[in-house]
Amino acid sequence: MSAMPSLALTELIGATVIDNTGAHAGKVREVAIAPQESSSQISSFVVKTRHGNRVVPSKSVSLIDDVLRVSTSAAEWSPYGGGEGLLLLERDLLDQQIIDVHGRKVVRVNDVDIHEESGNGHLVLKVGAVDVGARGAMRRLLKGVVPAAVLHPLLQKIPPRMIPWEFVDLIEIDPARRVKLKISLDRLAKLHPADIADIVEDLAPAEREAVFETLNEEVAAETLEEIDPKMQVSILSSLDSDRAADIVEEMDPDAAADLLGDMHPDASQEILTEMQPAERAEVTELMNFEEDTAAGRMTTEYMAVGPAAKVEDAVEMLRNFEGGLESLSTIYIIGDNEKLLGAVPLAKVVLAPPGTPLMMLSTGHMTTIHPGADEKKVAELFDKYNLLTLPVIDDDGILTGVITADDVISMLRAKL
């Protein structure tokens, strides 16, 4: 089967159709794919005739130039039944949103690139790509306004911006049969959570839900933490409580507590009920603190060892630590009743010989903060001492949690 030049969907729509008698039988109204048969091959055309809309199988098409030439007579064409089970390219693709993972953003489908292939005595048409650039937009804007002989050379000067059809899948078809498009979610999941968050924020609510339903829990949790708090609530509220609980369990406890605290109490309680007991207790405890205090900004995921611990103990803890990377910069030493005794920067642990007691590596001065201190004090300490983490200790010197630099950045961004 040999490849032939490609053409645009918008060039096909409205094209004159000539049947095997040479008569002008109608104009192309739609181009259809039967997804159950082929995900890319054109199965039929919907042709508007004087006797109503008719369906022309693609295998009947013998030649396409400025017109659609069909090897059968108009009298043989079946009445159009509404397109049930068909993907109609103009109706279902044009102007729909699609995730461009390479550009890390949401773009709009301006046109569809269709490839012609010849073989087995008839023409085979397949969707090759979706056009998300200026070329497709200009073609649609100027069609019928500028003569084709002038328009084609003009369009060639505009660089194409295509997303191959093989990278495009359907998320869902809603009751109105508007198709939501995406790049395969395995490709989306490989992006940085901050990039996924930027993409998700540009999607419609139903599409956001579809993305979070298919991302694995860890990626979904990291992405949710990067999204605007109001949108976090909307997304989590749209999910089933068990799915929402799986995602919340993977979030940093402080971020999870903030999010659940912003939700309606009934919805929040449903999610907490579905969570594992240990994670539920951790998050519930943090939800009791005021958000604009040090305790409200801290996480309970940190690394702490006893006073007799050595370098190899810290290394083993690092291997098994499941908390966020932001908490890895410091290892805390605690005594009886979890009273804070010292702090060791990770760099010292890496450079010290095995067998070295961690207390020997502890920094001479420890900057700490009280749970009730306000956010301004938190920011001042991070700025003054160039901190990566800040331990939160109560009146008895007990380590209750740790504030990390990313929490402070999020706090400051929220005030901009």
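The values are calculated or read from the model by the stated rules, or taken from the named source; none is laboratory data. Given the structure is predicted, the values throughout are model-derived calculations rather than measurements. Here the Cβ is made from the backbone with ideal geometry for all residues, glycine too, and neighbour counts use every protein chain on show. Ligands, DNA and RNA are excluded from the accessible area calculation, which covers all protein heavy atoms including side chains. Shrake-Rupley method; radii C 1.70, N 1.55, O 1.52, S 1.80 Å.
Checking the conditions here, which among R297, R319 is modelled with pLDDT under 95 and under 20 Å from I398 (Cα atoms)? Walk me through how you get there before you give the answer.
Numbers: R319 fails: under 20 Å from I398 (Cα atoms).
Going through R297, R319 in turn, just one is modelled with pLDDT under 95 and under 20 Å from I398 (Cα atoms): R297.
From E285, E290, grab the single residue that is surrounded by fewer than 19 Cβ atoms within 10 Å (Cβ to Cβ), assigned to a loop (DSSP other than H, G, I, E, B), within 34 Å of the chain's Cα centre (by Cα) and not basic (K, R).
Testing whether each residue is surrounded by fewer than 19 Cβ atoms within 10 Å (Cβ to Cβ), assigned to a loop (DSSP other than H, G, I, E, B), within 34 Å of the chain's Cα centre (by Cα) and not basic (K, R) leaves just E290.
For the range 91-107: of the residues being surrounded by fewer than 20 Cβ atoms within 10 Å (Cβ to Cβ) and of a type in the set (D, E, K, R), which is nearest to R29 (Cα to Cα)?
It comes out as R91.
Being surrounded by fewer than 20 Cβ atoms within 10 Å (Cβ to Cβ) and closer than 15 Å to P357 by Cβ narrows it down to one residue among G342, G323; which is it?
G342
If you go through the range 7-27, how many residues are of a type in the set (G, A, S) and loosely packed, with under 14 Cβ neighbours inside 10 Å?
So the count comes out to 3.
Within the bounds of the range 28-39, is there any residue that is open to solvent by 10 Å² or more (accessible area, probe 1.4 Å) and of a type in the set (A, V, I, L, M, F, W, C)?
No.
Within the range 345-360, how many residues turn out to be closer than 14 Å to L318 by Cβ and at pLDDT 95 or above?
Residues that pass the stated criteria total 1.
Scan the range 246-257 and give yes if some residue there is open to solvent by less than 40 Å² (accessible area, probe 1.4 Å) and more than 17 Å from E282 (Cα to Cα), otherwise no. It would help to see each step written out before you state the result.
Step one: filter the range 246-257 for residues open to solvent by less than 40 Å² (accessible area, probe 1.4 Å), giving 247-248, 251-257.
Now narrow it down to the ones that are more than 17 Å from E282 (Cα to Cα): none.
Within the range 246-257 (the criterion being open to solvent by less than 40 Å² (accessible area, probe 1.4 Å) and more than 17 Å from E282 (Cα to Cα)), the answer is no, since none of the residues qualifies.
With a cut-off of at least 2 residues that are among the hydrophobic types (A, V, I, L, M, F, W, C) and at pLDDT below 90, name the helices (runs of 4 or more DSSP H) lying wholly within the range 146-248.
Here the list reads 148-156, 185-189, 193-201, 205-214.
Yes or no: A267 open to solvent by less than 80 Å² (accessible area, probe 1.4 Å), within 19 Å of D246 (Cβ to Cβ) and without any contact (Cβ under 8 Å) to a residue 24 or more places away in the chain?
Details: open to solvent by less than 80 Å² (accessible area, probe 1.4 Å): yes; within 19 Å of D246 (Cβ to Cβ): yes; without any contact (Cβ under 8 Å) to a residue 24 or more places away in the chain: no.
Judged against the criteria, A267 is not a match.
Quick check: is even one residue across the range 261-277 of a type in the set (S, T, N, Q), at pLDDT 90 or above and under 18 Å from D407 (Cβ atoms)?
No - not one qualifying residue is present in the range 261-277.
Just a yes or no: is a residue in the range 387-396 open to solvent by 20 Å² or more (accessible area, probe 1.4 Å), in a loop (DSSP other than H, G, I, E, B) and within 21 Å of M287 (Cβ to Cβ)? Walk me through it before giving the result.
Residues of the range 387-396 open to solvent by 20 Å² or more (accessible area, probe 1.4 Å): 387-388, 393-396.
If we keep only those that are in a loop (DSSP other than H, G, I, E, B) too, we end up with 387-388, 394-396.
Going one step further and asking which of them are within 21 Å of M287 (Cβ to Cβ), we end up with 394.
The answer is yes; a qualifying residue exists.
Of the residues V408, V315, which single one is surrounded by fewer than 17 Cβ atoms within 10 Å (Cβ to Cβ) and among the β-branched types (V, I, T)?
Going through V408, V315 in turn, just one is surrounded by fewer than 17 Cβ atoms within 10 Å (Cβ to Cβ) and among the β-branched types (V, I, T): V315.
Does E222 count as within 18 Å of the chain's Cα centre (by Cα) and closer than 30 Å to I398 by Cα?
Answer is yes for this residue.
Are there strands (runs of 3 or more DSSP E) fully within the range 35-126 with at least 2 residues that are closer than 21 Å to M162 by Cα? List them.
Correct list: 97-100, 105-108, 111-119.
Being modelled with pLDDT under 90, under 30 Å from the mean Cα position of the chain (by Cα) and of a type in the set (V, I, T) is the requirement here; does V31 meet it?
no
Residue check: is V56 crowded, with 20+ Cβ neighbours inside 10 Å, at negative phi, over 33 Å from the mean Cα position of the chain (by Cα) and aliphatic (A, V, I, L, M)? If you could, list the steps in order and put the result at the bottom.
Details: crowded, with 20+ Cβ neighbours inside 10 Å: yes; at negative phi: yes; over 33 Å from the mean Cα position of the chain (by Cα): yes; aliphatic (A, V, I, L, M): yes.
Judged against the criteria, V56 is a match.
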